[in-house]
Each structure stands twice: as C-alpha cells, then as structure tokens.
Amino acid sequence: MNTLKRYLLEQFDRCYSQNGWFVAIRNAVDGLTAEEALWKPEGADNSIWQTLSHLTYYNYAYVERFKGYDFEYDIADNDATFTAGERTDEGWAAEVTRFDAVMNEFRGLIEKADESKLDELVSAQNARPWASLIADINAHNAYHAGQILMLRKLQGSWDRVRGVS
C-alpha cells in the first residue's frame, strides 16, 4: 500500500542512509578521520564536523517536538549550531554516534506514528502539517550531504566506489 508515511520514510532513508540519486548523509561521513572532518578549504564557512553538528542539533529539536515536547532553541542564531566537539578521532566518532541515534529515533517515531499525526500541525508557532515539515527536513539533510560530499571531493577523501559521484 502506498501511503504518505511510506513515501516520507523512503525519502528519509534516501537522505539519511541509502544512496539513491545522490549520496546519503550517513554514507557521506562514513570513514572520515577527525582531521578530515575538521578540514575546510580557505574561504569555506563550515567543516564536515560543523555541518554534521548542525544537522544533529536541528533533527534533535524536531524529534523532541514530534514527541510532543516544547523544544526551545538554546542558541542565539543558526551559526551557533555549526560546532565541533572534542577534536579527536574519538570525539568525531561520538559526533557520528549522536547523529545516528537522533536519526534512528526520528525514523522510528515516524514509522510508529499514526498516519493522522502527519496531518497534525507542528505547533501554534509553526502552523504546517508534520508531513510537510518532515519533507523539508529530509531536503535539508540532503542539501548538507551534498556540501559534505563536495568537501570530501575537494580534500581528496571521497572514493567514488562509495556511491554516486
């Protein structure tokens, strides 16, 4: 049966973990060292690590909101979400683990949700249905996956055998 939820989950998977027409974000960060994740070319705003931290922050916020919590941003502006933790291979592994945990929880929540949840408005402040917001979150994740892949290509750490080049 083709349902809105099934399509959103397929899109979620393509953006998070399953390469399709483009490299999914989880595959774009796979195999990186901390040094590679921290690298950025001259003039670039953010490293791969900073970008993944940004994605973890916002996906976590919407996981909490999807669960019904009134998540409030604890940052002054969007730039504050582009951070890098303990700058070691262990710190990078912890960042990837945090991202995976958030994404797996989000996918599980969507999968378990009743279809009617997708028609509910996100909040009084964000008066749009969850289905529309989830589609935008997926697109946001794919957008940043493309940035990460470009950084990997620029630094020479991308092997086209890993997916769409």
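Calculate the spin-label point distance for Arg128 paired with Asn19, positioning each point 7 Å from the Cα along the beta-carbon direction, and give it in nanometres.
With each label placed 7 Å out from Cα toward Cβ, I get 3.1 nm.
Return, ordered by residue number, the residues of the stretch 70-106 whose backbone nitrogen is under 19 Å from a label point located 7 Å along Cα→Cβ of Ala113.
Zone members listed by number: 70-73, 100-106.
Within the chain, what's the longest stretch lacking GluC sites (Glu not before Pro) that sit in DSSP loops with no more than 16 other Cβ atoms inside 10 Å?
My reading of the result: 121-165 is the longest stretch.
DSSP loop (so not H, G, I, E, B), at most 14 other Cβ within 10 Å: list which trypsin sites (Lys or Arg not before Pro) in the stretch 1-86 pass both filters.
Lys67
Give the cross-link partners of Lys67 among the lysines, using a straight C-alpha distance below 23 Å as the criterion and excluding same-chain residues fewer than 8 apart.
Lys5, Lys112, Lys117
How much accessible area per residue does the chain have, counting only protein heavy atoms and a probe of 1.4 Å, in square angstrom? All intermediate terms of the calculation are to be shown ahead of the outcome.
Details: 8890 Å² over 165 residues.
That works out to 54 Å² per residue.
Roughly speaking, to the nearest percent, how much of the stretch 2-106's 1.4 Å accessible area is carbon and sulfur?
Details: 2590 of 5440 Å².
Carbon and sulfur atoms account for 48 percent of the accessible area of the stretch 2-106.
Scaled to the compact-protein estimate 2.2 N^0.38 Å, what is the alpha-carbon radius of gyration of the stretch 22-119, rounded to two decimal places?
Against the compact-globule rule of thumb, the ratio is 1.19.
Can you work out the FRET efficiency for the pair Leu38 and Ala101, with r the C-beta to C-beta distance and R0 = 22 Å, to the nearest 0.05?
0.55
Tell me which aspartates and glutamates have Cα within less than 19 Å of Lys153's Cα, excluding those fewer than 8 residues away on the same chain?
Asp30, Glu35, Glu36, Glu42, Asp45
So for the chain, considering every pair of alpha-carbon atoms, how many percent are separated by more than 27 Å?
26
If you take all C-alpha pairs in the stretch 1-43, what percent of them are over 14 Å apart? List each step's numbers first, then the result.
Details: 547 of 903 pairs.
In whole percent, the long-distance tail amounts to 61.
The values are calculated or read from the model by the stated rules, or taken from the named source; none is laboratory data. All values reported here derive from a predicted model rather than from experimental measurement. Heads up, the Cβs are rebuilt from the backbone with ideal geometry, glycines too, and the neighbour counts pull from every protein chain shown. Note: accessible area is taken over every heavy atom of the protein model, side chains too, but ligands, DNA and RNA are not part of it. Shrake-Rupley method; radii C 1.70, N 1.55, O 1.52, S 1.80 Å.
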